[in-house]
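Following: one structure in structure tokens, then a few remarks.
The values are calculated or read from the model by the stated rules, or taken from the named source; none is laboratory data. Source: prediction; values computed, not measured. Glycine also receives a Cβ, built like all others from the backbone with ideal geometry; neighbour counts cover every protein chain displayed. All accessible areas refer to the heavy atoms of the entire protein, side chains included, with ligands and DNA or RNA removed. Shrake-Rupley method; radii C 1.70, N 1.55, O 1.52, S 1.80 Å.
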Amino acid sequence: MTTPQSEDSRPEPTPGWKAGGRTRAVRANKRVPASLKRKGIVTVLAAFTLTAIFAFVAFAVDTAKLSLTQTNIQTAADAASLAAAQEITRAIHDAGRNGGSFDVGIDSPSVAVARQMAVDVAEANGAWIDSARDVKFGNRKYNPSTGGWVTTWNSGPINTVQVDVRRDNANLTAQDSEVLLSFGWAVGRESAPLLASSAAFVESRDLVLVLDFSGSMNDDSTLASVGNLGQATVEASLDGMWDSLRAADPKFSGTTKSKFPSTGFGQVNSKYGTYKSSTTTDTIFEQLNLDDKNSNGTPKYPFPQVGRFSNGVEKGSPDYNTSTTQWKNYINYVKNLSGTYKRRYGYRTLMDYLQVERERYDQAEDLWRTPHYPFHAVKEGATMLCDFLEDLSYGDQLGVVSYAEEAVREDYLSDGGTVIDLKSDPITDQYAKIDAIQRHKQAGHYSMYTGTGYGIKEARQMLLGTGGSDTGHLRYGARPTMIVMTDGLANRSPSGFTLPANWNWAKWTDYDGDGVADYSTSDVHKRYAFYEATECVKRGITVHSMSVGAGADRNLMRAIAFAGKGIWIDVPGGSSPTQMEEQMEQSFQQIGSMVPSTKLVEVSP
């Protein structure tokens, strides 16, 4: 039963209802559910999101394509620049091995070959370059004042090659076209340009010559070598020594008196010599007229070599007593010789005596002027190296360390009016000064012994320093290189020296890679030399070696070069000093031509 509602309690009719109708009309403005509204918003957002995602995908795809292409053309540029630079080093190596001249100027044949090599290697790596536009050559040098490297393009001698691989041609059918984008339409760009540049540089070197100054370095010019080289060969060497002294005509300090007069010394006045049968020294001294005096009591024929003080200053002309003592020492030496020149007093036996008994610079101040062997061959080779480096002009610098009983940095010379001081910069590009210093030396200059290890250590310290404030003289960016030379056997080392407890010969001398050492020695002096060489290698120094003459320690020199990642050159000598000299010159030139392998460097503008 329905409870009747009062008129006041009835709901107000909704607008739009028909009054008096049998049924009520449906509401005209029905509210839309919220869930239906959300479905529309999601659709719009999804459309925008999918568009953005597609754009990002398109960007990612094309970015990956550009990145991969950039990597490929950079690889091609690197390979092309290295290959082109190696053609330059090959030309230098060939010139050094063949003893010929080299040309690494901008218009040289080697540059033309290098240019074509760059094109070929780039093509092999899937890239195209214009040989005239995209390959350039120049000279790169370190500027110590700015601490940076400067490249002068289109200027020789060539030591730097730059290769550009371009993908920047708007013509999309060209070999160097821009990279076609897969979804370029999505970003409004059909293609994109790329460029890869690479420069390869032949490093300059800081080289130190480690030269044997022991007494044996004059053996081939002494009468003791007649049995090995023949009498005529040795006589020619002795005559050459005398002739060079006559040509130089040195004077006693502070005088105009010739040390080696053309008329000789009394009856010591010929190369073959004057024979005296007497065995009494005083008698022979008088018979040769070597006892003659000037009116003031000075010797008429002063002994021609007086030596130097420890500071290198030459001593003055000898007084009569000093001269007498030296001439009698000479006489005693000659009268006790064997063979042809026994008791024969002349220029040949005088030259032989000076080399055997008075070889040091503080005994015979002028032997450096003479071509005594094998020392003279070494000096000629070092001069050749200086000339080679000067002509090459790759920015190499050079220093010299000598060794005998001890090692000496050859960075100073004071001889008469010639003074050279390189103490503050012993590794230098002043090749003429280095050459002058080494040419003023002689075999046995300091002593007769062979302290090879001392020389190697001193050279390392010259390059790298001794620690603390001494940082050495190696230039930033230069390749440290050492050239160790000997004509004999190492026979000096520090007292009590032993190899480290964990020493492993196979680590250093396994030539054939079978895990077994191909060189070892129980000789303490050789061990010390080899140990010092390995200390150089640990510090990044390349070590080359040379063994000179029949008595040289070839096994040690070969092992040092192998451990030092260098080359070993054997100079066997020959039937004459001239042959050895030619071999030495070729050897030094070959080492000079062993410029370092090319390396990639930052591209210069």
Exercise. Conditions: (1) closer than 24 Å to Gly472 by Cβ; (2) open to solvent by 60 Å² or more (accessible area, probe 1.4 Å); (3) modelled with pLDDT under 95. Leu389 meets all but one. Number of the miss?
Worked result: (2)
For this session: Out of the residues in region 271-329 that are within 45 Å of the chain's Cα centre (by Cα) and aliphatic (A, V, I, L, M), state the one that is farthest from Tyr345 (Cα to Cα).
Result: Val313
For this session: Take region 264-319 and flag every residue that is hydrophobic (A, V, I, L, M, F, W, C) and farther than 21 Å from Gly416 by Cα.
Result: Phe265, Val268, Ile284, Phe285, Leu288, Leu290
Problem set entry | Count of residues meeting criterion [open to solvent by 30 Å² or more (accessible area, probe 1.4 Å) and touching a residue at least 40 places away in the same chain (Cβ under 8 Å)] in region 338-357 | 6
Exercise. In region 128-175, how many are without any contact (Cβ under 8 Å) to a residue 40 or more places away in the chain, in a loop (DSSP other than H, G, I, E, B) and in contact with a strand residue (DSSP E or B) (Cβ under 8 Å, 6 or more places away or on another chain)?
Worked result: 4
Problem set entry | Considering residues of region 505-547 that are under 24 Å from Gln590 (Cα atoms) and among the polar types (S, T, N, Q) only, the residue most open to solvent (accessible area, probe 1.4 Å) | Thr542
Exercise. If a residue has to be part of a helix (DSSP H, G or I) and open to solvent by 40 Å² or more (accessible area, probe 1.4 Å) to count, how many in region 94-123 make the cut?
Worked result: 11
Exercise. Name the pairs whose Cβ atoms lie under 8 Å apart, with the first residue in region 482-505 and among the polar types (S, T, N, Q), the second open to solvent by 70 Å² or more (accessible area, probe 1.4 Å) and in a loop (DSSP other than H, G, I, E, B), and 6 or more positions between them or separate chains?
Worked result: Asn491/Tyr449
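Just to be sure before I move on: is Val537 in contact with a Cys (Cβ under 7 Å, 6 or more places away or on another chain), at pLDDT 95 or above and among the aliphatic types (A, V, I, L, M) in the structure I sent?
Answer is no for this residue.
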Exercise. Is region 452-474 home to any residue that is crowded, with 21+ Cβ neighbours inside 10 Å, in contact with a Lys or Arg (Cβ under 7 Å, 6 or more places away or on another chain) and in a loop (DSSP other than H, G, I, E, B)?
Worked result: no
Seminar exercise, completed: Checked Tyr403, Tyr394 against criteria (in contact with a strand residue (DSSP E or B) (Cβ under 9 Å, 6 or more places away or on another chain), at pLDDT 95 or above and not β-branched (Val, Ile, Thr)); the one match is Tyr403
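Would you confirm whether any residue within region 228-245 is over 30 Å from Lys141 (Cα atoms), free of Cβ contacts under 8 Å to residues at least 40 places away in the same chain and of a type in the set (D, E, K, R)?
So the first thing to find is which residues in region 228-245 are over 30 Å from Lys141 (Cα atoms), and the list is 228-245.
Still in the list and also free of Cβ contacts under 8 Å to residues at least 40 places away in the same chain: 232, 234, 243.
With of a type in the set (D, E, K, R) added as a condition, the list becomes 243.
Yes, region 228-245 has at least one match.
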Exercise. If you take the residues of region 458-496 that are basic (Lys, Arg) and more than 25 Å from Glu359 (Cα to Cα), which of them is modelled with the highest pLDDT?
Worked result: Arg460
For this session: Taking only region 227-256 into account, find how many residues are open to solvent by less than 40 Å² (accessible area, probe 1.4 Å) and either of a type in the set (Gly, Ala, Ser) or under 20 Å from Val356 (Cβ atoms) (or both).
Result: 13
For this session: Could you figure out which of (1) over 14 Å from Phe213 (Cβ atoms); (2) surrounded by 22 or more Cβ atoms within 10 Å (Cβ to Cβ); (3) in contact with an Asp or Glu (Cβ under 8 Å, 6 or more places away or on another chain) isn't true of Tyr333?
Result: (2)
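Here are some residues: Ala132, Ala64, Ala127. Which one is open to solvent by 50 Å² or more (accessible area, probe 1.4 Å), more than 31 Å from the chain's Cα centre (by Cα), closer than 17 Å to Gln175 by Cα and of a type in the set (A, V, I, L, M)?
On the way: Ala64 fails: closer than 17 Å to Gln175 by Cα; Ala127 fails: open to solvent by 50 Å² or more (accessible area, probe 1.4 Å).
Sole residue among the options that is open to solvent by 50 Å² or more (accessible area, probe 1.4 Å), more than 31 Å from the chain's Cα centre (by Cα), closer than 17 Å to Gln175 by Cα and of a type in the set (A, V, I, L, M): Ala132.
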Exercise. Only one of (1) free of Cβ contacts under 8 Å to residues at least 40 places away in the same chain; (2) under 30 Å from Met557 (Cβ atoms); (3) small (Gly, Ala, Ser); (4) open to solvent by 20 Å² or more (accessible area, probe 1.4 Å) is not met by Ser216, so which one is it?
Worked result: (1)
For this session: Considering only region 325-372, state which residues are basic (Lys, Arg) and in a loop (DSSP other than H, G, I, E, B).
Result: Lys342, Arg343, Arg358, Arg360
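Of everything in region 407-421 that's part of a loop (DSSP other than H, G, I, E, B) and out of contact with any helix residue (DSSP H, G or I) (no Cβ under 6 Å at 6 or more places or on another chain), which residue is least open to solvent (accessible area, probe 1.4 Å)?
Residue satisfying both the conditions and the ranking: Asp411.
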